[in-house]
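The values are calculated or read from the model by the stated rules, or taken from the named source; none is laboratory data. Remember, it's a predicted structure, so these values are computed and weren't measured experimentally. Here the Cβ positions follow ideal geometry from the backbone for every residue, glycine too, while neighbour counts run over all protein chains shown.
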Amino acid sequence: MKKNILQHTKLLVAFLAVFSMSSCEKTYFEDINNDPNNPTAVPPKVLLPTIQASLAYAQGGDMARYTSLFTQQITGNARQFAVYNNLNFTESDFDNLWRLNLYAGPLMDNYTLIKLCKDNNYIHYGAVAKIMMAYSLMLTTDVFGDIPYSQAFQGTANISPAYDRQEALYSEVSRLINEGIAEISASDASGVEVHGEDLMFGGDYDLWTRFAHSLEARHAIHLTKRNGNTAAATEALSHSAEGFTSNDDDAQLVFGDVETSANPWYQFDGQRGDISYAGYLIDTLMPALNDPRSSLYSDGSGGPGAFYNSINSPVIFMSYAELKFIEAEAYLYLNDDANAQLALTEAVLANMSKLGVTDTGLVNPFLRDHCTLSGTSADKLNTIMSQKYIALYQSPEAWTDWRRTGIPALSVPTDAAINEIPRRFLYPQSEAENNSASLNAAISAQGGADLTDRVWWDN
């Protein structure tokens, strides 16, 4: 049902992208309360798909390209990206992502939608909005660290919002998820329900519940350094049991077949062509494993592969395969190798199936030779995380995993401007210009915010 609804609604993405771009100039510094054309006057059924579309463009745009460079899944080969390939970033490189694609996009619109639903007692719509906010918030804090949240989105009432600590933001993410889970199954007398305007799940509340539990499993596994492997694993497994059950459950946005609603990677390739689909992943790891997915990642000469970079390729927010990889890692930490192996096998099979690789003559030898857990605990973790790194191609989550585990073992580019692979994004120049006191306080509280400084959960 989800796929049919998405096929009927994906052409809305063009309109939604335009709608989102129409608010590109607003930030959390502006007064949003008195403008008759502002999103507070827009019904939920317009706000929700706008949030989803703008989030897909944010994640699938600079965020994914920068993190894919860091993890050496792609290589920058021209203009700005040739500079970026040498890890030479400045604060202004992150302005558009922060100001236009996140704060003026899904974060602002999500805040508006949650408030609208609360004011009108739209319980089910509000639950979906909270789950979307949880996803957007975790995505943003994972790359930037401390960010404005509790004092943001207030217009002229607060033009200099303080930064929330990442530890508090992670608690907020969990609160939003669990409130969303509870409220989505609660009684709702408003008559306002989520339907086909939902570009992810077509108004299927069961899938939203599964997504929320899967997202909470991701949230838990991110905290291996902070909470310890055992506690993080136990929490992750408690939610994964209620999470995605197959590839059909994947949280993703499927793009259209026309240029105005095209996948953001496809658009970038057509307009810029500044990156090569080469690097450690494609040039070293996948050939060494004789990975049958290689041609779907790259055409072999630096051009894009078919699955991820076609006009109608999806932006994947979270997949069933990722959830099974989380399970495999969690079971390993609990010394349950049997279930870790089962989860790893299912994860790789799910990813291959999603990409259309079903030839058992290729799949079975690959599973036998490269996905069998053996050796030390470190060897087993390397097997799990290396396969997850392959499966999470073009996903910022691959960078999060690398920061948590150090897998795969990557080398700093020869001509790099810094001597370490980045561990966070720089705060944008616009914050230094417009919110300097709060920014400086946040940098001080974190002990620095350079590219190589660690976010809270990475310590």
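Residues that are surrounded by 21 or more Cβ atoms within 10 Å (Cβ to Cβ), out of contact with any strand residue (DSSP E or B) (no Cβ under 6 Å at 6 or more places or on another chain) and outside any loop (DSSP other than H, G, I, E, B): does segment 271-281 have at least one?
Yes, the conditions are met somewhere in segment 271-281.
Kindly indicate whether any position in segment 257-269 is within 19 Å of I316 (Cα to Cα), within 19 Å of the chain's Cα centre (by Cα), among the small types (G, A, S) and not in a helix (DSSP H, G or I).
yes
Quick one: which residue in L381, L296, L323, L344 is aliphatic (A, V, I, L, M), farther than 25 Å from L237 by Cα, touching a residue at least 40 places away in the same chain (Cβ under 8 Å) and in a helix (DSSP H, G or I)?
The conditions single out L296.
Being in a helix (DSSP H, G or I) and more than 18 Å from A330 (Cα to Cα) narrows it down to one residue among A417, A398, A409, A441; which is it?
Values: A417 fails: in a helix (DSSP H, G or I); A398 fails: more than 18 Å from A330 (Cα to Cα); A409 fails: in a helix (DSSP H, G or I).
Exactly one residue qualifies, and that residue is A441.
Is there a residue in segment 404-419 that is over 27 Å from R99 (Cβ atoms), touching a Ser or Thr at 6+ places or on another chain (Cβ under 7 Å), buried (at least 17 other Cβ atoms within 10 Å of the Cβ) and of a type in the set (A, V, I, L, M)?
Yes, segment 404-419 contains at least one residue that is over 27 Å from R99 (Cβ atoms), touching a Ser or Thr at 6+ places or on another chain (Cβ under 7 Å), buried (at least 17 other Cβ atoms within 10 Å of the Cβ) and of a type in the set (A, V, I, L, M).
Could you please find all residues in segment 44-101 being under 30 Å from S386 (Cβ atoms), in contact with a Ser or Thr (Cβ under 8 Å, 6 or more places away or on another chain) and of a type in the set (A, V, I, L, M)?
Answer for segment 44-101, where residues must be under 30 Å from S386 (Cβ atoms), in contact with a Ser or Thr (Cβ under 8 Å, 6 or more places away or on another chain) and of a type in the set (A, V, I, L, M): L55, A64, L69, I74.
Of all residues in segment 86-117, count the ones that are surrounded by fewer than 18 Cβ atoms within 10 Å (Cβ to Cβ) and either in contact with a strand residue (DSSP E or B) (Cβ under 7 Å, 6 or more places away or on another chain) or closer than 20 Å to L169 by Cβ (or both).
The qualifying residues number 1.
Select from segment 214-251 the residues that are among the acidic types (D, E) and part of a loop (DSSP other than H, G, I, E, B) and write down the one among them that is surrounded by the fewest Cβ atoms within 10 Å (Cβ to Cβ).
E242
Any idea which of V254, V258 is closer than 23 Å to L47 by Cβ, surrounded by fewer than 23 Cβ atoms within 10 Å (Cβ to Cβ) and touching a helix residue (DSSP H, G or I) at 6+ places or on another chain (Cβ under 8 Å)?
Working: V258 fails: closer than 23 Å to L47 by Cβ.
Answer to the check: V254.
Could you say whether any residue in segment 147-160 is touching a strand residue (DSSP E or B) at 6+ places or on another chain (Cβ under 6 Å), surrounded by fewer than 17 Cβ atoms within 10 Å (Cβ to Cβ) and either assigned to a helix (DSSP H, G or I) or at pLDDT 95 or above (or both)?
Yes, that holds for at least one residue.
Which residues, counting only those in segment 50-62, are surrounded by fewer than 23 Cβ atoms within 10 Å (Cβ to Cβ) and either in contact with a strand residue (DSSP E or B) (Cβ under 7 Å, 6 or more places away or on another chain) or touching a residue at least 60 places away in the same chain (Cβ under 8 Å) (or both)?
Listed by number, the list holds a single entry, G61.
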